[in-house]
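Colleague: This is the structure I have questions about; it appears just below.
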Amino acid sequence: MSEVLLQIDNLTTGYGASQVLFGVSLRVQTGQCVSLQGRNGMGKSTTIRALMGMLPAWQGQILWRGQPMHGQSPHVIAQKGIGLVPEGRQVFPNLTVWENLVATARAGSSAQSWTLERVFDLFPKLAQRRSHFGNQLSGGEQQMLAIGRALMTNPDLLVLDEATEGLSPLLRQEIWQSLALLKQQGISILVTDKNLKQLLELCDHHVILQKGQVVWSGDSESLIADPALRQRYLAA
Ligand SMILES: Nc1ncnc2c1ncn2[C@@H]1O[C@H](COP(=O)(O)OP(=O)(O)O)[C@@H](O)[C@H]1O
Ligand SMILES: [Mg+2]
């Protein structure tokens with residue numbers, strides 16, 4: 001009865017003449033958290049770039065609420081309700097926290113509209129730093145800002161590439177807690193990260209990539225129950 005929000009079918013793409021994805025398929029249903037896993041260089045970020053319209057789909061299709069979305073510009077795709085938290089945060093260094101947040105605000109389609117106040121409630125640290133510039137923030141604060149900025153677009157799907165990369169254990173914990181809260185509030189999530197334990201806790205479904213192909217997908221229980229699989233594809 002759950003609606004399929006995002007559906008990627010047999011996606012192939014790459015860079016120039018170099019093919020990186022060889023028929024990737026995955027789905028995210030409304031309210032679901034899905035992890036995209038696999039060792040470095042297996043195609044996680046490439047999948048996300050194609051999804052966000054930053055790379056063309058060579059073959060296959062990407063459907064948003066059942067409608068083809070591939071071939072559209074990143075701007076149009078973001079407006080459909082997909083909020084990206086890119087690898088390396090990419091907050092605007094010369095804008096303040098406040099300016100970073102209002103720069104991306106988008107009128108929401110849903111009743112639940114994100115406001116500065118809601119973002120500051122979720123991340124009180126950002127409220128304290130609201131007049132600081134992006135380049136004056138710690139890595140953790142930058143990631144909170146990147147998430148807040150994505151939320152200001154009122155996304156139905158939040159996409160995070162390396163959700164907690166380079167953060168201290170304490171800040172990682174804060175990010176995972178905020179993601180759990182967002183999931184509770186009904187936001188769907190597609191996430192990549194190195195921390196399997198946290199992904200198993202947060203996500204309902206997992207997709208493992210190996211050399212640009214999906215080699216396994218399933219729920220947390222099945223992934224927990226299969227150490228050989230984790231050893232083989234995740235080195236975990
Ligand atoms: N901008 C790029 N130009 C050329 N090749 C790239 C580029 N970005 C990534 N690749 C290659 O694509 C493959 C998949 O990379 P990526 O999607 O970043 O993997 P992951 O996110 O799983 O670590 C790697 O072999 C990588 O070297
Ligand atoms: Mg990556």
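Colleague: When only Cα pairs under 8 Å and 6 or more residues apart are kept, what is the percent relative contact order across the chain?
Modeller: Rounded, it is 27 percent for the chain.
Colleague: Round to a whole angstrom and tell me the spacing of the C-alpha centers of segment 1-65 and segment 135-212.
Modeller: Value for the Cα centre distance between the two parts: 17 Å.
Colleague: With each label point set 7 Å from Cα along the Cα-Cβ vector, what nm distance links Gln231 and Gln128?
Modeller: In this crude label model, Gln231 to Gln128 measures out at 4.5 nm.
Colleague: Can you name the helices of the chain, as whole DSSP H runs, whose Cα span along the helix axis is 20 Å or more and whose Kyte-Doolittle mean is not below -1.0?
Modeller: Both cut-offs are met by 169-184.
Colleague: Relative to the present Cα-Cα distance, how much length would full extension add between Gln136 and Gln177 at 0.36 nm per residue of separation?
Modeller: That works out to 12.4 nm of additional length.
Colleague: Using R₀ = 25 Å, calculate the FRET efficiency as 1/(1 + (r/R₀)^6) where r is the Cβ-Cβ separation of Thr30 and Asn10; round to 0.05.
Modeller: Computed FRET efficiency for Thr30 and Asn10 comes out at 0.65.
Colleague: Quick query: amide H of Gly31 versus all other amide H atoms, modeled in the peptide plane; which residues come in under 5 Å with a sequence gap of 5 or more or a different chain?
Modeller: Ser188
Colleague: Next up: With the contact rule set at Cα under 8 Å and sequence spacing of 6 or more, what percent relative contact order holds for segment 101-236?
Modeller: Computed value for segment 101-236: 20 percent relative contact order.
Colleague: Which percentage, to the nearest 5, of the DSSP beta bridges contained in segment 4-233 is antiparallel?
Modeller: If we restrict to bridges inside segment 4-233, about 60 percent are antiparallel.
Colleague: Same structure, new question: Could you pull the Rg and Dmax for the chain, using just the Cα atoms, both in Å?
Modeller: Expressed in Å, the Cα Rg and Dmax of the chain come to 17.2, 49.
Colleague: For the chain, what is the calculated [θ] at 222 nm in deg cm²/dmol (nearest 500), taking -39500 (n - 2.57) for each run of four or more DSSP H residues and dividing by its residue count?
Modeller: -9500 deg cm²/dmol
Colleague: So, one more: Sort 148-158, 221-231, 179-189 by the packing proxy (mean of other Cβ within 10 Å over each peptide's residues), most packed first.
Modeller: Put in order of decreasing packing, that is 148-158, 179-189, 221-231.
Colleague: Strictly over 28 Å apart at the Cα level, which of Lys80/Lys211; Lys44/Lys125; Lys44/Lys197; Lys183/Lys211 would you flag in this model?
Modeller: Violating the 28 Å Cα-Cα cut-off are Lys80/Lys211; Lys44/Lys125; Lys183/Lys211.
Colleague: So, one more: Could you order peptides 114-121, 33-40, 13-20 by the average number of other Cβ atoms within 10 Å of their residues, highest first?
Modeller: 33-40, 114-121, 13-20
Colleague: How far, in nm, would the chain grow between Gln72 and Gln210 when pulled straight, counting 0.36 nm per residue and subtracting the alpha carbon separation?
Modeller: 47.0 nm
Colleague: Placing +1 at every Lys and Arg Cβ and -1 at every Asp and Glu Cβ, with all other atoms neutral, what dipole size does segment 4-233 have around its Cα centre, in debye to the nearest 20?
Modeller: Magnitude of the dipole: close to 260 debye.
Colleague: Here's something else I'd like to know. For segment 156-236, what value does the Rg/Rh ratio take when both radii are computed over Cα atoms and Rh is the Kirkwood radius, given to two decimals?
Modeller: My calculation puts Rg/Rh at 0.96.
Colleague: Can you bin segment 1-116 into rounded, prolate or oblate? Criterion: square roots of the alpha carbon gyration tensor eigenvalues sorted a ≥ b ≥ c, rounded for a/c under 1.5, prolate for a/b above b/c, oblate for the rest.
Modeller: oblate
All of the numbers you see were taken from the coordinates with simple rules; none came from a lab. It should be emphasised that the depicted structure is a prediction, and the values quoted were computed from it without experimental measurement. Here the Cβ is made from the backbone with ideal geometry for all residues, glycine too, and neighbour counts use every protein chain on show.
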